[in-house]
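Every number in this text was worked out from the coordinates using simple rules, so none of it is lab data. Everything numeric in this text was worked out from a predicted model, so none of it was measured. When we count neighbours, we look across all protein chains shown, and the Cβ atoms used for this are built from the backbone with ideal geometry, even at glycine.
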Amino acid sequence: MTLTLVTGGTGHLGRDIVDRLVGDRRHVRLLARSAGTRSDVEWAVGDLATGAGLREALHGVDTVINAATYSPIARRGGVRPVDFFKSPATVDVQGTERLLSLCEQQCIRHFLHVSIVGLDEATLPYARVKLAGERLVRASAVSWSVVRAMPFYYLLDRMLAGLAWLPLWPMPMTPFNPVDTSDVADHVVACAFDGIRGERAQIGGPEDLSVAVLAGQYRDARGLHRKILPIPMSETRARGMGFVVSQGARGRLAWADWLQRRYAGSCDEA
Ligand SMILES: NC(=O)c1ccc[n+]([C@@H]2O[C@H](COP(=O)([O-])OP(=O)(O)OC[C@H]3O[C@@H](n4cnc5c(N)ncnc54)[C@H](OP(=O)(O)O)[C@@H]3O)[C@@H](O)[C@H]2O)c1
């Protein structure tokens, strides 16, 4: 049976990808900085930021799904002033480069790289780091695919939670279609094994809603009493901040339904 290596398999998207692969009875190896407890996969301890363990992790591998990243914003669930100036590149650029080089040496059959919709116009340093990593994949000699996804619901949830203390939420009127990791994982796994290579269909959520409406649904799901102030934003500025609408594939799970599952029965405060 062929072996698939998943980087970032302990992350939000990675966990869903691994669940799909295991559910499809595929043989899966997870690259992680420390071994986890799930017993239906092989664990390879390694670090993209240093290169430790990568050669061993690739031994006998047929397909690589590269879903690892280091995003300080996603980790802490909020933007700080420093995020407008720099973002570490050790995982997404140098780590991707190391992995690609080893994949070339080991004649890996398919390298599927997970990326983000709208990177070309996005201005945050993390987006520039992701774009640099993606360009390495496109320029490499491996047989590659790139799947660009819209921002995930879990991240939107974290970002909005960070604003919850504000009595008034200024929110762009820009349309946006974030997506759930379960839908992205379905798409990524399909793209990994359908024999097609190169630029794959983007994946976004099922609805195009303004950020202000998405924030209102979040507020209502949590039972918060906050006023939302819809603010106009130029298209260029919105694109710079990653507020875009994807082309291509659409997930099925709506934000309101995701919120319902997450916050069913919870009313934080009046
Ligand atoms: N979040 C979004 O809204 C979004 C939107 C579109 C596309 N994407 C892309 O989707 C992919 C997954 O994103 P996510 O939000 O699911 O990520 P995540 O939850 O932050 O998980 C990141 C993963 O990368 C691993 N990782 C970090 N540093 C590493 C290192 N030095 N060596 C090896 N592994 C390392 C983490 O392992 P540990 O458990 O050890 O930390 C974790 O498994 C990324 O390519 C991201 O750019 C994300």
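Got a sec? Which of Glu104, Glu97, Glu121 is within 30 Å of Arg219 (Cα to Cα) and among the acidic types (Asp, Glu)? Even if it seems obvious, please write down each step before you answer.
Values: Glu104 fails: within 30 Å of Arg219 (Cα to Cα); Glu97 fails: within 30 Å of Arg219 (Cα to Cα).
Just one listed residue meets the conditions, Glu121.
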- Message: The conditions are (1) free of Cβ contacts under 8 Å to residues at least 60 places away in the same chain; (2) within 18 Å of Val188 (Cβ to Cβ); (3) of a type in the set (Gly, Ala, Ser); (4) within 12 Å of the ligand (Cβ to nearest atom), and Gly23 fails exactly one of them. Which is it?
- Response: (4)
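Sort out which residues of region 164-186 are assigned to a helix (DSSP H, G or I) and surrounded by fewer than 22 Cβ atoms within 10 Å (Cβ to Cβ), and write them in order of number.
Passing the criteria: Ser182, Asp186.
When region 6-60 is examined, which residues are found to be of a type in the set (D, E, K, R) and assigned to a loop (DSSP other than H, G, I, E, B)?
Kept after step one, since they are of a type in the set (D, E, K, R), are these residues of region 6-60: 15-16, 19-20, 24-26, 29, 33, 38, 40, 42, 47, 55-56.
Correct list: Asp24, Arg25, Arg26, Arg33, Arg38, Asp40, Asp47.
Take Ser246 and tell me if it is under 18 Å from the mean Cα position of the chain (by Cα), part of a loop (DSSP other than H, G, I, E, B), under 28 Å from Asp16 (Cα atoms) and polar (S, T, N, Q). So that I can check it myself, show each step before the final result.
Numbers: under 18 Å from the mean Cα position of the chain (by Cα): yes; part of a loop (DSSP other than H, G, I, E, B): yes; under 28 Å from Asp16 (Cα atoms): yes; polar (S, T, N, Q): yes.
It is true that Ser246 is under 18 Å from the mean Cα position of the chain (by Cα), part of a loop (DSSP other than H, G, I, E, B), under 28 Å from Asp16 (Cα atoms) and polar (S, T, N, Q).
Ala32 - would you say it is out of contact with any Cys (no Cβ under 8 Å at 6 or more places or on another chain), within 10 Å of the ligand (Cβ to nearest atom) and farther than 21 Å from Ala185 by Cβ? Please lay out each step first, then the result.
Values: out of contact with any Cys (no Cβ under 8 Å at 6 or more places or on another chain): yes; within 10 Å of the ligand (Cβ to nearest atom): yes; farther than 21 Å from Ala185 by Cβ: no.
In short, no.
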